[in-house]
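One structure is given here, and the rest of the page talks about it.
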Amino acid sequence: MRVLSKEDASAFLGGRAPDVVVNDLWTQLHLVGDAYKIPPDSGSKTALSRLIAYLLLKKASVCVFVTGWGVWPNSENFDLFYGYRRALGETRPLIDAPFHIFESTEQDALVSILCMVFYFVWDAWVFDFERKALFVISHDEWFEVLVHDEERIGEFKDQMGKYGLKPLHGPVT
């Protein structure tokens, strides 16, 4: 796992700010069904983190760009988050280094960061570097999946169904 500041992330993304890149993805990709409820229990959040890592890392490197925290402070555990990052050599605070990059061999680290995003009820944008898939995670306990093509829409819908993930506004068709 590599952790970058927003400025370093911009350089990594070819001179484009991370916010601009994710907004472009949001407008260019296709929504898979509807927004989904984030499950309330930790076991299901862990399973969801593993599913996201599986779906995204099999195609390309992945970024987790943490964009919001502090909304539900009783749910947060910064000691756990910073302790995990320190164990991997990262000592900067989240506000200075919110951009996490994962290679295909770093699935466990990706799952760990995603778990903390879900457990701590944070906002994050999770996307692959092929720019063909985007997960939008909200502190309001929902997430959206956007993908590039019909084949991946079908794959993601199928996986969401297998994991029993419920759309906010009715069945996914």
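The values are calculated or read from the model by the stated rules, or taken from the named source; none is laboratory data. Just so it is clear, the structure is predicted and the values come from calculations on it, not from any experiment. Cβ atoms come from the backbone with ideal geometry, glycine included; neighbour counts cover every protein chain shown.
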Is one or more of the residues making up the range 70-77 at pLDDT 95 or above and touching an Asp or Glu at 6+ places or on another chain (Cβ under 9 Å)? yes
In the range 36-68, residues that are surrounded by fewer than 21 Cβ atoms within 10 Å (Cβ to Cβ), outside any loop (DSSP other than H, G, I, E, B) and among the β-branched types (Val, Ile, Thr) total 2
Within the range 88-96, identify whether any single residue is surrounded by fewer than 21 Cβ atoms within 10 Å (Cβ to Cβ), of a type in the set (Lys, Arg) and closer than 20 Å to residue 157 by Cα, and answer yes or no. no
Complete set of residues in the range 107-162 that are among the aromatic types (Phe, Trp, Tyr), touching a residue at least 60 places away in the same chain (Cβ under 8 Å) and surrounded by 20 or more Cβ atoms within 10 Å (Cβ to Cβ): 118, 125, 127, 135, 143, 156
Mind listing whichever residues of the range 35-68 are over 16 Å from residue 117 (Cα atoms) and of a type in the set (Val, Ile, Thr)? none
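Output the residues belonging to the range 63-91 that are in contact with a strand residue (DSSP E or B) (Cβ under 7 Å, 6 or more places away or on another chain) and not polar (S, T, N, Q).
Across the range 63-91, the qualifying residues are 63, 64, 65, 66, 68, 85, 90.
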For the structure I just gave you, tell me whether residue 14 is within 16 Å of residue 129 (Cβ to Cβ) and without any contact (Cβ under 8 Å) to a residue 12 or more places away in the chain. yes
Count - residues of the range 19-34 that are among the β-branched types (Val, Ile, Thr) and surrounded by fewer than 14 Cβ atoms within 10 Å (Cβ to Cβ): 2
Can you tell me how many residues in the range 72-83 are under 17 Å from residue 138 (Cβ atoms) and either out of contact with any Phe, Trp or Tyr (no Cβ under 8 Å at 6 or more places or on another chain) or assigned to a strand (DSSP E or B) (or both)? 1
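Residue-wise test of (1) farther than 21 Å from residue 144 by Cβ; (2) among the polar types (S, T, N, Q).
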| site | (1), (2) |
| --- | --- |
| 32 | no, no |
| 35 | no, no |
| 48 | no, no |
| 54 | no, no |
| 70 | yes, no |
| 75 | no, yes |
| 82 | yes, no |
| 93 | yes, no |
| 116 | no, no |
Within the range 143-167, track down each residue that is assigned to a loop (DSSP other than H, G, I, E, B) and either modelled with pLDDT under 80 or touching a Ser or Thr at 6+ places or on another chain (Cβ under 9 Å) (or both). 163, 164, 165, 166
